[in-house]
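Just passing along the structure, written as C-alpha cells.
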Ligand SMILES: Nc1ncnc2c1ncn2[C@@H]1O[C@H](COP(=O)(O)OP(=O)(O)OP(=O)(O)O)[C@@H](O)[C@H]1O
Ligand SMILES: [Mg+2]
C-alpha cells in the first residue's frame, strides 16, 4: 500500500519537475535533424514491417486475452484512442489548440514537433495529469477526461516521463514492482510480473541494484519497465531516447518494436527523427499546439510546412529573400 502511495506521489513530484525542467537538457540542431531525416528517407523501406491488418488481428487476440473478464463487450471499439478538439492554455501560452487525432489498435503513432510545440502537454492531458480546457478523449471506447491518472492507468494507458526519476534507493526490481502493483495487488504476483518485465527490457542482471547506480540508458529502460509493468494496451513514450548514444538508441528502438509486436499500441514523442520514422506507422506533427500534418512517415517528412516548422522558411523557399 505504501508503495502505491509513493508511486502516486512520485508521479506528482515528477510532474512538477517536468514543468520546471522542460526546456533544459540537450537539444540537437535542426541541421542534424535534417541529416537524420534524409537518412531515414533512404532507409524507410528497409526492415521488417508487418501490415496493419496483421497487427490488427494480433491486437484483437491480445485484447481478448487481456480482457477476458470484460467478455460482455461483444466487439471492441474500432479505434483505440479518439482525441477530439482538446485544448490547454497555461496563462498566456496556448500549449495545445483544438487538437484531434486517433489511433488504431496495434498502431505506433509518432508525435513530433519543435521544442515547446505542446507534445508533453498532450501526454499530460491523455494520462489525466492535467485536465483539458476543452475537448474529449475516448480510450478503448470510454470517455476518460476527468478520470485520475491511476484510474486511466488501470484502464490500460501508461506513460513514461520526459524527466526520468526512479526511487533512487530502491532496487530496480522494487521500482518496477511499484508499476506492477497497479494491476496486481498481491506482492508475490507483482514481483513476478516485475521480474518478467525487467528481463524483457534487458535489465535482468541489474534487478537487485539500486536505481541510483544505473547509467542514463539503464534508467531509460527502467522508466519503460515501470510503465510496461502496469500492463498497458497503449503506452505513451516521452523522449525515451534523449541523451542516449547511437548503439543505445538502436537497442531501445528494437525493444520498442518488440513491445509493439507483442500487441501494445504506442504513442511516441521523439526528437530522433530516424528512430521515429523507422518505428512509426503514422506521424502527427505539432507546432504551436496545433496539428500541422499527419500521415505516413515519408509524406510527413517531405511536407513543406513540416520542414518549415523545423528549419525555417528559407529551407522551403530557398530563393525567397
Ligand atoms: N505548467 C506549465 N505552465 C506554463 N507553461 C507551460 C506549462 N507546461 C508547458 N508550458 C508551455 O506550454 C508549451 C508547450 O510545452 P510542452 O512541454 O508541452 O512542449 P513539448 O512539445 O513537449 O516541448 P519539448 O520538445 O521541449 O519537450 C511551451 O510553451 C511551454 O513553455
Ligand atoms: Mg516535451
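Just so you know, all these numbers are worked out from the coordinates, no wet-lab data involved. All values reported here derive from a predicted model rather than from experimental measurement. Positions of Cβ are backbone-derived with ideal geometry, glycine not excepted, and every protein chain shown enters the neighbour counts.
Let's see how each residue does on (1) part of a loop (DSSP other than H, G, I, E, B); (2) away from ligand 2 (no atom under 16 Å from the Cβ); (3) free of Cβ contacts under 8 Å to residues at least 60 places away in the same chain; (4) out of contact with any helix residue (DSSP H, G or I) (no Cβ under 9 Å at 6 or more places or on another chain):
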residue: 103; (1), (2), (3), (4): no, yes, no, yes
residue: 110; (1), (2), (3), (4): no, no, no, no
residue: 117; (1), (2), (3), (4): yes, no, no, no
residue: 124; (1), (2), (3), (4): no, no, no, no
residue: 130; (1), (2), (3), (4): yes, no, yes, no
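On to the next question. For region 177-262, which fully contained helices (runs of 4 or more DSSP H) count at least 3 residues that are closer than 17 Å to residue 278 by Cα and touching a residue at least 12 places away in the same chain (Cβ under 8 Å)? First the steps, then the outcome.
On the way: elements: 187-200, 216-228, 246-261.
Fully inside region 177-262 and qualifying: 246-261.
Here is a further query. Working only within region 150-181, note down all residues that are buried (at least 20 other Cβ atoms within 10 Å of the Cβ) and within 23 Å of residue 80 (Cα to Cα).
152, 153, 156, 157, 158, 159, 160, 161, 179, 180
Still on this structure, I have one more. Could you check region 91-108 and list, in sequence order, the residues that are more than 15 Å from ligand 1 (Cβ to nearest atom) and surrounded by 24 or more Cβ atoms within 10 Å (Cβ to Cβ)?
Result: 105, 106, 108.
Let me ask something else about it. Return the residues of region 113-130 that are more than 8 Å from ligand 1 (Cβ to nearest atom) and at positive phi; say none if nothing qualifies.
Of everything in region 113-130, just one residue is more than 8 Å from ligand 1 (Cβ to nearest atom) and at positive phi, namely 128.
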